[in-house]
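**Student:** Let me begin by handing over the structure; questions about it come next.
Here, each number is a calculation from the coordinates, and none is a lab measurement. Nothing here was measured: the structure is a model prediction, and the numbers come from that model. Please note: Cβ atoms are built from the backbone with ideal geometry, for glycine as well, and neighbour counts cover all protein chains shown.
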């Protein structure tokens with residue numbers, strides 16, 4: 001039976017408005033009240049969920065209607081609703097950006113929308129923007145508008161006076177440098193790399209407590225319908241998969257981990273940054289991350305390199321995604337022009353660029369149907385390898401990422417979403 005659960009969808013008119021910080025602050029606020037909070041992130045994002053996991057105390061899953069499909073998204077939410085008091089969903093980019101958009105997902109699920117607007121560079125225009133977002137589509141479930149990064153009491157009065165009476169303004173958040181989160185290429189700095197991250201989350205939670213909390217304490221309830229999950233054959237039963245996991249290799253979907261376990265695999269972890277030797281295993285998963293930030297450490301990781309080389313020489317599968325692929329190359333050059341030798345299991349080199357090289361959804365067929373995912377990287381690859389397949393964007397535009405194979409290695413810039421095709425995933429690790 002569906003369990004009615006308080007829920008809120010946090011969106012914005014664009015990226016950079018502060019919705020990630022607000023979402024984390026709300027999660028922390030509710031958790032401090034003793035409530036069980038589950039947070040979801042819209043779209044293919046690895047970094048924001050790390051922050052939300054810390055704030056909520058629970059793993060964070062992605063909701064993407066294209067990568068996972070409607071039934072999968074509904075199942076994730078229904079499962080969470082069984083033991084959650086509050087479900088928070090953070091949107092992606094602007095409220096109406098993309099196809100499907102955050103608005104499409106909120107409408108489909110019936111979750112009321114809170115729109116976070118950065119008011120730092122506007123005054124009375126705030127009211128016009130708020131009204132437009134609230135009324136642009138008349139069938140949206142709407143909770144209200146939150147003004148973020150307001151500079152002073154006078155500024156707050158201007159914002160408040162600009163908002164029409166038919167546009168619910170549920171709070172005004174003052175600018176607080178103690179709650180700011182540092183950024184780098186690909187987005188926010190990872191939560192595990194920020195020493196005072198809990199204090200920053202607590203600072204935002206404190207700002208939320210200073211605003212109109214009566215609205216946030218009375219969130220509407222949503223019935224998250226349970227969708228029977230399709231059974232997954234235990235195609236990896238008896239197989240052990242070693243997964244690289246540390247600050248350099250951290251782009252791991254929780255749903256990917258779950259999928260491997262549902263396929264029957266036993267999982268173990270190792271840290272290339274710690275120069276761990278590869279654990280005893282049947283296959284290896286090198287996810288994406290930030291190898292370019294740790295050139296010297298990874299170049300010196302001889303135990304990791306040698307045991308990976310032995311693994312490949314024995315013909316055992318290795319799947320490398322984006323940053324994982326970069327570490328397997330002969331050379332990698334960071335954004336400052338510093339070059340280091342990598343593990344040389346794949347020919348070629350990659351050079352970091354001043355702006356992103358590729359961004360978009362990807363679908364690739366390696367012989368077992370479409371495996372969906374996304375790409376987002378700042379490096380340019382030069383290799384003598386010829387691709388065995390190329391991904392395609394669902395909109396027919398943008399980049400078409402190559403998939404390479406050399407011996408038992410499969411490598412690509414594509415971050416695959418394993419639940420989109422468990423059979424294809426099982427083949428990659430078999």
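**Student:** What number, rounded to the nearest 500 deg cm²/dmol, is the helix-based mean residue ellipticity at 222 nm of the chain, given -39500 (n - 2.57) per DSSP H run of at least four residues and division by all its residues? Working shown, then result.
**Tutor:** On the way: 13 runs with 121 residues, N = 430.
So the helix-based figure for the chain works out to -8000 deg cm²/dmol.
**Student:** Could I ask something else about it? What does DSSP give for region 4-223 in terms of the percent of beta bridges that are antiparallel, rounded to the nearest 5? Each step should come with its number before you reach the end.
**Tutor:** Details: 5 of 31 bridges.
Antiparallel bridges make up about 15 percent of those DSSP assigns within region 4-223.
**Student:** Over region 1-109, calculate the relative contact order: mean separation of alpha carbon pairs under 8 Å at least 6 apart, over the residue count, as a percent.
**Tutor:** Working: 177 pairs, mean separation 43.2, N = 109.
Computed over region 1-109, the figure is 40 percent.
**Student:** Return a whole-number percent for the relative contact order of region 240-428, with Cα pairs under 8 Å and 6 or more residues apart as the contact set.
**Tutor:** On the way: 447 pairs, mean separation 37.3, N = 189.
Rounded, it is 20 percent for region 240-428.
**Student:** Set the Förster radius R0 to 41 Å, insert the Cβ-Cβ distance between residue 217 and residue 335 as r into 1/(1 + (r/R0)^6), and round the FRET efficiency to 0.05.
**Tutor:** Working: r = 45 Å, r/R0 = 1.10.
Efficiency at R0 = 41 Å is approximately 0.35.
**Student:** At R0 = 35 Å, how high is the FRET efficiency between residue 196 and residue 123 if r is their beta carbon distance? Nearest 0.05 is fine.
**Tutor:** Numbers: r = 32 Å, r/R0 = 0.92.
According to the calculation, E is roughly 0.60.
**Student:** How many angstrom lie between the Cα centre of region 195-246 and the Cα centre of region 365-380?
**Tutor:** Value for the Cα centre distance between the two parts: 25 Å.
**Student:** Please build a GNM for the chain, connecting alpha carbons under 10 Å apart, and tell me which residue among 48, 365, 195 fluctuates the most.
**Tutor:** 195
**Student:** Using Cα pairs under 8 angstrom and six or more residues apart, how large is the relative contact order of the chain, in percent?
**Tutor:** Details: 969 pairs, mean separation 59.5, N = 430.
Reported relative contact order: 14 percent.
**Student:** List 73, 268 from most exposed to least, where exposure is judged by having the fewest other Cβ atoms within 10 Å.
**Tutor:** Details: 73 24, 268 14.
In increasing order of surrounding Cβ atoms, one gets 268, 73.
**Student:** Pairing the Cα long axis of helix 197-209 with the longest principal axis of the chain, what angle in degrees results, from 0 to 90 and rounded to the nearest 10?
**Tutor:** In the chain, helix 197-209 runs at an angle near 20 degrees to the longest axis.
**Student:** For a footprinting-style exposure proxy, rank 74, 164 by other Cβ within 10 Å, fewest first.
**Tutor:** Values: 74 19, 164 13.
Final ranking by Cβ density, sparse to dense: 164, 74.
**Student:** Using 0.36 nm times the number of residues separating residue 370 and residue 71, minus their current alpha carbon distance, what extension gain do you get? Working shown, then result.
**Tutor:** Values: separation 299, 0.36 × 299 = 107.64 nm, distance 1.72 nm.
Roughly 105.9 nm would be gained on extension.
**Student:** Something else: Based on alpha-carbon centroids, what's the gap between region 95-116 and region 266-320 in Å, whole number please?
**Tutor:** Using only Cα atoms to place each centre, the spacing works out to 39 Å.
**Student:** Moving on to the next point. If you count the DSSP beta bridges with both ends in the chain, what percent of them are antiparallel, to the nearest 5?
**Tutor:** Working: 31 of 75 bridges.
Here the share of antiparallel DSSP bridges comes out near 40 percent.
**Student:** Please figure out what share of the DSSP beta bridges in region 208-365 is antiparallel and state it in percent, rounded to the nearest 5. Mind dumping the intermediate values first?
**Tutor:** Working: 5 of 19 bridges.
So the antiparallel bridges amount to about 25 percent of the total.
**Student:** Give the shape of the chain as rounded, prolate or oblate, defined through the alpha-carbon gyration tensor: a ≥ b ≥ c are the square roots of its eigenvalues, a/c under 1.5 means rounded, and otherwise the shape is prolate if a/b is larger than b/c and oblate if not. Present the calculation step by step, with values, prior to reporting the outcome.
**Tutor:** Numbers: a/c = 2.00, a/b = 1.65, b/c = 1.21.
In terms of gyration-tensor shape, prolate.
**Student:** A further question follows. Determine the gain in length on full extension of the stretch residue 240-residue 397; use 0.36 nm per residue of separation and subtract their C-alpha separation, reporting nm with one decimal.
**Tutor:** Working: separation 157, 0.36 × 157 = 56.52 nm, distance 3.79 nm.
Going from the current span to full extension adds 52.7 nm.
**Student:** Starting from the Cα-Cα distance between residue 296 and residue 384, subtract it from 0.36 nm times their residue separation and give me the gain in nm to one decimal. It would help to have the intermediate numbers written out before the result.
**Tutor:** Values: separation 88, 0.36 × 88 = 31.68 nm, distance 2.48 nm.
Between residue 296 and residue 384, full extension yields 29.2 nm more.
**Student:** Here's a follow-up. Taking the highest mean first, how do the peptides 270-282, 399-411 order by number of other beta carbon atoms within 10 angstrom per residue?
**Tutor:** Numbers: 270-282: 17.2, 399-411: 19.1.
Order by mean packing, descending: 399-411, 270-282.
**Student:** Helix 47-56 sits at what angle to the longest principal axis of the chain, using alpha carbons and giving 0 to 90 degrees rounded to 10?
**Tutor:** Result, in degrees: 60.
**Student:** Moving to a separate point now. Could you please rank 221, 174, 245, placing first whichever residue has the fewest other Cβ atoms within 10 Å of its Cβ? Don't jump to the answer; show the numbers that get you there.
**Tutor:** Numbers: 221 13, 174 17, 245 20.
The most exposed by this proxy come first: 221, 174, 245.
**Student:** Rounded to the nearest 0.05, what FRET efficiency is calculated for residue 180 and residue 108 with R0 set to 30 Å and r the Cβ-Cβ distance?
**Tutor:** Values: r = 33 Å, r/R0 = 1.11.
Between residue 180 and residue 108 the formula returns 0.35.
**Student:** Another one. Enter the angle in degrees (range 0 to 90, nearest 10) between the Cα long axis of helix 125-135 and the first principal axis of the Cα atoms of the chain, meaning the one along which they spread out most.
**Tutor:** Helix 125-135 sits roughly 80 degrees off the main axis of the chain.
**Student:** Sticking with this one: So for the pair residue 96, residue 423, with labels modelled 7 Å out along Cα→Cβ, what separation do we get in nm?
**Tutor:** Taking the simple label geometry, residue 96 and residue 423 are separated by 4.0 nm.
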